[in-house]
Structure formats: structure tokens, C-alpha cells
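A.B. asks: Could you have a look at this structure, given as C-alpha cells, before my questions?
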Amino acid sequence: MLNFLVFVFCYIGGFALALLSQPVWAFMLYQMVYFMNPLERWWSYLVPNLSYSFFTVVLLLFVYIKKFKDHNLNRLFAAPPYKWALLFLFSFFLAKYYADLPDAHDFAFTNLFKLIIIISIAYKVVDSDKKLDRILYAYMAGATYLSFMVYQVGRNSGDRVEGVGTVDSPDTNDVAAALAPTLILAVYYFWQHTKKSVRFFVLVGAAFVANAIVLINSRGSFLAVICGAAYFFMHAIFSKHRQKNQRASAIGLIFMGLLALPFLVDESTIQRFMTIKTQEVTEEEETGATRVFFWLAAMEMAKDYPFGAGANGFTLHAPDYIPLEVNSGGSRNRAVHSSWFEALTEVGYPGLFFMIMMVISVFGVLKQCRKQVLSTGNIDLYFKLIAMEGAFIAFLVAMTFLNRSRAEVFYWMVLFACCAYNVYVVRGRYGANDPLVATAQTPQSAQENR
């Protein structure tokens, strides 16, 4: 009943806020519905059998059109990552004409096309630092809800959790990948936010997310959190752009995290993480080590299909390229288990190039954002951008071991970077009356803190 009431409150409240306040609430509602996934939960019999995501997107489009004049200044093509995302989409469009599994490819292309449309509208309605914060909060809130659900279910499949997925990721490894970046964002908001109430809710949410990742026991997500957090704390401790006592507080956060580990991590988690190094290929069971052979097979397949074989192309042709001695049991039609090789085998070298350039472009625009906010002396915003980079790194690490090249959260990460670039660089929201400047340090005071 609690889950049902939370969903009803969020859905009705989100609709009302989007209609009566600002369109950005519609995208925030879309983010929450993504994680709630009401029709696939055990309480689904309590709600009508409707496409809640669809109606949320219709709401987003309606409120955007309603306030078109207020949001028409955000130019889509001003953000470089968006251009590469469109090219990646175009590579999927071309592959429609030669895909070996036409129905599967049409389904994948349609979903990717809809996703690009959604983030395009979201980009239009996020035109301030405050609204960027809101969609980041919505991401963390949705992750917290799903993590609480993982806690409720518990380990129902040996030492793992199964059957708790999102709209586009029924596999719990995919769920863990979607959750992992929120921990890096939570570190930033807990560290920098001035309101104790916000810090409390962020801390509680981070605890549930960390616990969910441990319960799911996804090795890729463990590694993702480590890499993303290491990137953030390396900057927090060693960057010359620091505030007073920043290094000590960052070290204190690391110490707090280490103290919390014994309460979260159990023996099965440690053993599973250690198998990253110790697993061997067997003929009876698929392990993490077999993925290397899948990746090698993908490179061999690319020689015969340089423009890809369409969606699920590797799964179809895997038996022709995976060595016979690599037998993971059952069918040999395996997923490639890497977003990079997924793109290579689905849309070939051009598609993989577009995807890689999109990722590089995200880091490029975030770097420009950091340079811009430092010109105003705003150290807080500087570290928010570092946190966004760390979160993106976390998801990139996780998706390296999963098929997530068309994942919702992957394109949310691109959206976050595009919105930051639009607010801080393109629109230059640093006028005399801009609220960002009012809360920023002066360049002179920033220099004194270096």
C-alpha cells in the first residue's frame, strides 16, 4: 500500500505542478515514473493499466508548447553532445534497411527516437541552475525509491536480487548501473548544501542506494562507484580550486564512507567483487571472464559487418564468432555484454564513432562549464560539475560491461551536461542580477582560497 500511495502522490502532484508551475516538473515526473515502473510492480493491480510514461511525455510536450515563448531561447544545436546523439540516432535509422532482425531493430530505433525527443524537450525547459538541480534531485529521488524497493524484496535469488527492474532494464545489473551515478551526486549535495534537511534526505537516499547495489551484487557497479567517487575526491582533495577547510571535509567524508562499509558489505559481496580477478572460463557456466571472448568475437564480426547487423545483431550471429571451446551452457546466442561492442555490432564503425564522440563531447562541454564558473569564482558550481563528471564516469564504467548504449540514464547524463553547457556557457547566466553571481565568491576571494 505504501508504494501505491507514493506513486499516486507523485503522479498527481507532478501533473499539478507541471500544469500550474513550471514545465520542468513534467520531466521530473517522467524520471520518477521511469524508476517506479508501476505496471511491473506487485502492486500494479491497484492502478489502471495505462501507459504512465506516455501520458507524462504528453504532459511534458503540452506544458512546453503552452510556455513556448519562455523556453524557445534554448537552442538544441548549441550543445555539441546533442549533435552527436542525433548522428548516433541517424546510424540506427540507416541500419533499418539492412538489419538482420528487422522487427527487433525497428523496436530499438523507435525507442531511441522517442528518447531523443524527450531529452530534446527537457533541454528546452531546463534553463537555469535551479532547474538543473531539480532534475538531478529527481534522478536521485527515483533511485532512492527503487533502492527502497530492492531493500523490501531482499536477496531472492541466491546472493542476488532479481525481478526489480525499470522501464528499459528488467535485468538488475542494469538497475545497479542506473543507481551507481547517484552516489557521486549525493556526495556533492551532502557536502555542499547549506540546508540540513536536504543533507539529511540526501544521506538517507545514498544509504538506500548503496545498500541496493550491495544486495544486487553487481561487480561492474561496484567498480563504477569506486571510479566515479575516486574522480570526485581526487579533485576535492588536490584541486587548487578549494574553499576553506575543503580538504579536511573531503577526507572526513571518505572516512565516514569507510566506517559505513562494514554495515553494508557482507562476505558474499566481497567474494563476488574479488572474482573480477579470479574467475576463469568454464564450459558449464558463463562468467565475467567469458565477456572478453564475446568482445573479441564482436571485433571479428565487425570485419564482416562493418556497418553493423542491426539491433541484437551480435546475439543472432554470436554462434558464428564465439569459439566453440567457450561454452557458457545452453544457447550460444549470447549478448555481447558491453555497450561499446553493442554499438559496434549493431550500427558498425560509424555508429560507434558517433557514440564515442558524444561521450568525448560531454566531457568537453563540462570542462568549458568548469572554466566558465571559475571565472566568477563560484567554487560550489565548479564541484557540482566535477560531481556530474564523476557520475558520468561511473555510468560509463558500468555500461562497459553491459548492453546499455540505448539506456535512458545514459542519455539523461548527456542531457545533464547539455543543460549545464546551455546555462553556464551559451546563455551566460552571470549578469549583475543573476542569482548565480549573488551566491558566488568573487574571483579575488576564490584566488585567496587556492
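A.B. asks: Relative contact order of the chain: what whole-number percent is it, with Cα pairs under 8 angstrom and at least 6 residues apart?
C.D. replies: 21
A.B. asks: Next up: Roughly how many nanometres apart are two label points built 7 Å out from the Cα toward the Cβ at VAL47 and LEU258?
C.D. replies: Modelled inter-label distance: 4.3 nm.
A.B. asks: Note down the relative contact order for the range 1-72 as a percent, whole number, built from C-alpha pairs under 8 angstrom at least six residues apart.
C.D. replies: With pairs under 8 Å counted, the relative contact order is 36 percent.
A.B. asks: Among 333-343, 250-260, 298-308, how do they line up by average Cβ neighbours within 10 Å per residue, starting with the highest?
C.D. replies: Values: 333-343: 22.0, 250-260: 13.5, 298-308: 17.2.
Order by mean packing, descending: 333-343, 298-308, 250-260.
A.B. asks: For a quick check: sort LEU366, LEU19 by the number of other beta carbons within 10 angstrom, fewest at the front.
C.D. replies: So the ranking, lowest neighbour count to highest, is LEU19, LEU366.
A.B. asks: Arranged by the count of other C-beta atoms within 10 angstrom, fewest first, what order do THR56, THR400, THR110 take?
C.D. replies: Lowest to highest Cβ neighbour count: THR110, THR400, THR56.
A.B. asks: Next question, about the same structure. Please report, in debye to the nearest 20, how large the charge dipole of the chain is about its Cα centre when each Lys and Arg carries +1 at its beta carbon and each Asp and Glu carries -1 there. Mind showing how you got there, number by number?
C.D. replies: Values: 37 positive and 31 negative charges, 477 e Å.
Magnitude of the dipole: close to 2300 debye.
A.B. asks: Which order do peptides 172-185, 207-220, 409-422, 71-84 fall in by mean Cβ count within 10 Å, highest first?
C.D. replies: On the way: 172-185: 27.6, 207-220: 22.9, 409-422: 25.6, 71-84: 17.4.
With the highest mean Cβ count within 10 Å placed first, the list reads 172-185, 409-422, 207-220, 71-84.
A.B. asks: Another one. Could you work out how much longer the chain between LYS96 and ARG199 gets when fully extended? Use 0.36 nm per residue separation minus the Cα distance between them, nm to one decimal.
C.D. replies: 32.3 nm
A.B. asks: Mean residue ellipticity at 222 nm from the helices of the chain, using -39,500 (n - 2.57) per DSSP H segment of n ≥ 4 over the full residue count, to the nearest 500 deg cm²/dmol?
C.D. replies: My calculation for the chain gives -23500 deg cm²/dmol from helical runs alone.
A.B. asks: Looking at the range 91-200, which trypsin sites (Lys or Arg not before Pro) are DSSP coil and have at most 16 other C-beta atoms within 10 Å of their C-beta? Write out the running numbers ahead of the final one.
C.D. replies: On the way: sites: LYS96, LYS114, LYS124, LYS130, LYS131, ARG134, ARG155, ARG160, LYS195, LYS196, ARG199; in loops: LYS96, ARG155, LYS195.
Of the trypsin sites (Lys or Arg not before Pro), the ones in loops of the range 91-200 whose Cβ has at most 16 other Cβ atoms within 10 Å are LYS96, ARG155, LYS195.
A.B. asks: So what is the orientation-averaged projected area of the chain, using the convex hull of its C-alpha atoms, in nm²?
C.D. replies: Taking a quarter of the hull surface, the average projection is 21.9 nm².
A.B. asks: What is the Å³ per residue value for the convex hull set by the Cα atoms of the range 1-136?
C.D. replies: Residue-normalised Cα hull volume stands at 129 Å³.
A.B. asks: Rg to Rh for the range 187-262: what is it, with Cα atoms only and Rh by Kirkwood? All intermediate terms of the calculation are to be shown ahead of the outcome.
C.D. replies: Details: Rg = 13.3 Å, Rh = 13.5 Å.
Expressed as Rg/Rh, it is 0.98.
A.B. asks: May I ask for the angle, rounded to the nearest 10°, between helix 379-399 and the longest principal axis of the chain, with both axes built from Cα atoms and the value confined to 0 to 90°?
C.D. replies: 10
A.B. asks: For the range 1-72, take the convex hull of the Cα atoms, compute a quarter of its surface area, and give me that in nm², please.
C.D. replies: 4.6
A.B. asks: Moving to a separate point now. Per residue of the range 84-89, in order, report the coupling 6.51 cos²θ - 1.76 cosθ + 1.60 (Karplus, θ = phi - 60°) as ³J(HN,Hα) in whole Hz, putting x for Gly and Pro.
C.D. replies: 5, 4, 5, 5, 5, 4
A.B. asks: Rounded to the nearest 10 degrees, what's the angle between the helix 246-264 long axis and the longest principal axis of the chain, both from Cα atoms, 0 to 90?
C.D. replies: With rounding to tens, the tilt is 40 degrees.
No value in this document is a laboratory result; all are computed from the given coordinates. Bear in mind the structure is a predicted one, so any value in this text is a computation, not a measurement. Reconstructed Cβ throughout: ideal geometry from the backbone, glycine too, with neighbour counts over all protein chains shown.
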